[in-house]
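Down below is the structure, laid out as C-alpha cells.
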Amino acid sequence: MAAKIKRNDTVQVMAGKDRGRRGDVRQVLPRDGRAIVTGVNMMKKHQRARSPQEPGGIIQSEAPIQIANLAVVCRACDRAVRVGFKVLEDGSKVRVCKHCNETID
Ligand SMILES: [Zn+2]
C-alpha cells in the first residue's frame, strides 16, 4: 500500500484533543503507524540540566500522533481531504485529492 501521508505534507488532525489543528509532517514512523506533526500533540517534558548551555526545565515537544487521525490538506481546495492514487503514464504513482482530483504530490 502506498503511503497516504508523507514528510512535509500539510495535514489536519481529525480526532483527539488537537482536532482541527493543522501542521506539517516532520517525520513519519511507519512501523508505529504514527507521524510527528509540527505544533500537534505537544507534550511537556521535564528536562534535566545537561550542561550550562542546556539548563533544563520544562520543554515542549511534539509526540507522535496516529496517522489514522490525520488527513492531508489539499493545496488546491484548502481542506482536509481523502487521498486517492493515480498511476501516471510513466508508471509512477501519485496521490490525488478525492475532492477536486488535483494531484497532491
Ligand atoms: Zn483538492
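The values are calculated or read from the model by the stated rules, or taken from the named source; none is laboratory data. Computed from a predicted model, the values in this text were never measured in an experiment. Positions of Cβ are generated from backbone atoms using ideal geometry, with glycine treated the same way; all protein chains shown enter the neighbour counts. Ligands, DNA and RNA are stripped out before the accessible areas are found, and what is left, the full protein with its side chains, is counted by its heavy atoms. Shrake-Rupley method; radii C 1.70, N 1.55, O 1.52, S 1.80 Å.
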## Note on the structure
Counting sequence-distant residues (5 or more places) and residues on other chains, those with an amide H built under 5 Å from that of residue 104 are 95, 96, 97
#### Entry: Computed magnitude of the charge dipole of the chain (debye, nearest 20; Cβ of K, R +1, Cβ of D, E -1)
380
### Message
Going by average Cβ density within 10 Å per residue, which order do the peptides 40-47, 89-96, 19-26, 67-74 take, highest to lowest?
### Response
67-74, 19-26, 40-47, 89-96
### Task
For the range 63-105, report the translational diffusion coefficient in µm²/s to the nearest whole number, using Stokes-Einstein at 25 °C, 0.890 mPa s, and a Kirkwood Rh over Cα pairs.
219
### Task
Please list the non-local residues whose amide H lies under 5 Å from the amide H of residue 37, H modeled 1.01 Å from N, same-chain partners needing a gap of 5 or more.
26, 65
### Summary
Heavy-atom accessible area of the chain with neighbours in place, 1.4 angstrom probe: carbon+sulfur share in percent works out to 46
#### Entry: Rg/Rh ratio calculated on Cα atoms of the chain (Kirkwood radius)
1.11
### Summary
For residue 9, the residues 5 or more places away or on another chain with a placed amide H closer than 5 Å to its own amide H are 25
### Task
Might you tell me the accessible area per residue for the chain, computed with a 1.4 Å probe and given in Å²?
69
